[in-house]
Amino acid sequence: MTEMVSFNTHIRQFEEQGEKTGWTYIEIPQDIADALLPGNRKSFRVKGKLDQYPIRFIALLPMKGGGFIMLLNAVMRKGIAKGKGASLKVQLSLDEAWKPIDPDLLLCLEDSREADHFFKSLPPGHQRYFSNWISNAKTDVTKVKRIAASMAALQRRMNFGAMLRELREQKGR
């Protein structure tokens, strides 16, 4: 089992920061990240608790100046019942478990050789971007729309970010 680290921090929010504008996050200092995964400068997954709220499969993202950030999505913010500026007790350890790829996405990939081939060529973390987006849909209708969008993008050899940008552009028209 990997080491558990504990620290206190404050919830932050990006102001005007391009695509990150408005994102809620916490900072993970480099020494804390090194205690979890020494010498690593790439994104990695953690599990643990934010106050008493349990988390799993959460990515720490590297920042240019050193250290990492953990994005706090709406579900996490609701779970901790806190927002920007609030104090937070954080307990983390390396999460070496792999979240399975959404089974409905896997079924659809079986029907498209092109999409399946491109999907399998992506790094595991990038595969999970698609899978998590689909799995986190709140309704069946939304899930079906996300699978359809993902399949269309994968058939055109588009990564997750490119697909989201295209979807945003289409929505803005």
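Among [x] 23, 18, 15; [y] 30, 19, 16; [z] 40, 17, 13, only one was calculated for this model; which label is it, if the read-out is semi-axes √(5λ) of the Cα gyration tensor in Å?
Answer label, from the structure shown: [y].
What FRET efficiency would be calculated for the residue pair residue 78, residue 120, taking the C-beta separation as r and a Förster radius of 25 Å, to the nearest 0.05?
The computed FRET efficiency comes out at 0.10.
Would you please give the residues with an amide H less than 5 Å from that of residue 95, counting only those at least 5 places away or on a separate chain, with H modeled from the backbone geometry?
Those qualifying (amide H under 5 Å, at least 5 residues apart or on another chain) are 45, 46, 47.
Can you give the Kirkwood hydrodynamic radius of the stretch 5-94 from its Cα pairs, in Å with one decimal?
Computed over Cα pairs of the stretch 5-94, the Kirkwood hydrodynamic radius comes out at 13.2 Å.
With only Lys, Arg, Asp and Glu charged, each at its Cβ (+1 for the first two, -1 for the last two), find how big the charge dipole of the stretch 5-94 is about the Cα centre; round to the nearest 20 debye.
320
Mind giving me the nanometre distance, one decimal, between the label points for residue 4 and residue 106, set 7 Å out from Cα along Cα→Cβ?
Modelled inter-label distance: 3.1 nm.
Only four residue types carry charge here, +1 at the Cβ of Lys and Arg and -1 at the Cβ of Asp and Glu. Report the dipole size of the chain about the Cα centre in Debye, rounded to the nearest 20.
420
Expressed in nm to one decimal, what extension gain is obtained for the pair residue 64 and residue 138 from 0.36 nm per residue of sequence separation less their Cα-Cα distance?
The residue 64-residue 138 span can extend by a further 23.3 nm.
Roughly how far apart, in whole Å, are the Cα centres of the stretch 156-173 and the stretch 66-107?
Computed from Cα coordinates, the inter-centre distance equals 24 Å.
Counting alpha carbon pairs within less than 8 Å and at least 6 residues apart, what relative contact order, in whole percent, applies to the stretch 5-94?
Across the stretch 5-94, relative contact order equals 41 percent.
What number, rounded to the nearest 500 deg cm²/dmol, is the helix-based mean residue ellipticity at 222 nm of the chain, given -39500 (n - 2.57) per DSSP H run of at least four residues and division by all its residues?
Value at 222 nm, helices only, nearest 500: -12500 deg cm²/dmol.
Explain nothing, just the number: relative contact order of the chain, from Cα pairs under 8 Å at least 6 residues apart, as a whole percent.
21
Across every pair of different alpha-carbon atoms, what Kirkwood hydrodynamic radius in Å does the stretch 103-172 reach?
12.1
Along the positive direction of the dipole of the chain (beta-carbon charges: Lys, Arg +1; Asp, Glu -1; about the Cα centre), which of 132, 35, 109 reaches farthest?
Checking the options against the dipole of the chain, the answer is 132.
Where a number appears in this text, it was derived from the coordinates with a stated rule and is not lab data. The model shown is predicted, which means the values in this text are computed figures rather than measured ones. No Cβ is skipped: glycine too gets one built from the backbone with ideal geometry, and neighbour counts run over all protein chains shown.
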